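Structure first, then comments.
Every number here is computed from the coordinates shown, using simple stated rules; none is lab data. Quantities reported herein were computed from a predicted structural model and do not represent experimental measurements.
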Amino acid sequence: MDNIQIDGNLGKAPERRESFVRFSIAVYAGESIAEGKKTKWFNCAAYDSAAENAMEFPKGAKVRITGRYRLYTFENVERDQIIVNKIIAYNPWSDTPEEPEPENDDLGDDIPF
């Protein structure tokens, strides 16, 4: 099978297209900068309910994406080989906590003391 699950950070806010949502995920490899910590980028697309779920993620959110993995290679005009990683996400979710809604503590003039 060509399924993949990755944990990373959302590169920018998801962008809605005609029938899908697209976004990119940064995945870090290596233990530290001294060891040559590198970033690998994955382009992602989500459809239907997965797209609605992905639209709620803010830029920089820690996310886990499960989906189908595709690797595309092609040559550009200069005849350089271009490699593109793409994931068709069917289960995106974020473990970045949402900002809590401010509570309305306005008691007005009804304070008993």
Placed amide H near residue 91: partners under 5 Å, 5+ positions off or other chain: 66
The stretch 65-72 - phi-based ³J(HN,Hα) in whole Hz, Karplus 6.51/-1.76/1.60, Gly and Pro as x: 10, 10, x, 8, 9, 10, 10, 10
Rh by Kirkwood over Cα pairs, then Stokes-Einstein D for the stretch 3-94 at 0.692 mPa s and 37 °C, µm²/s: 237 µm²/s
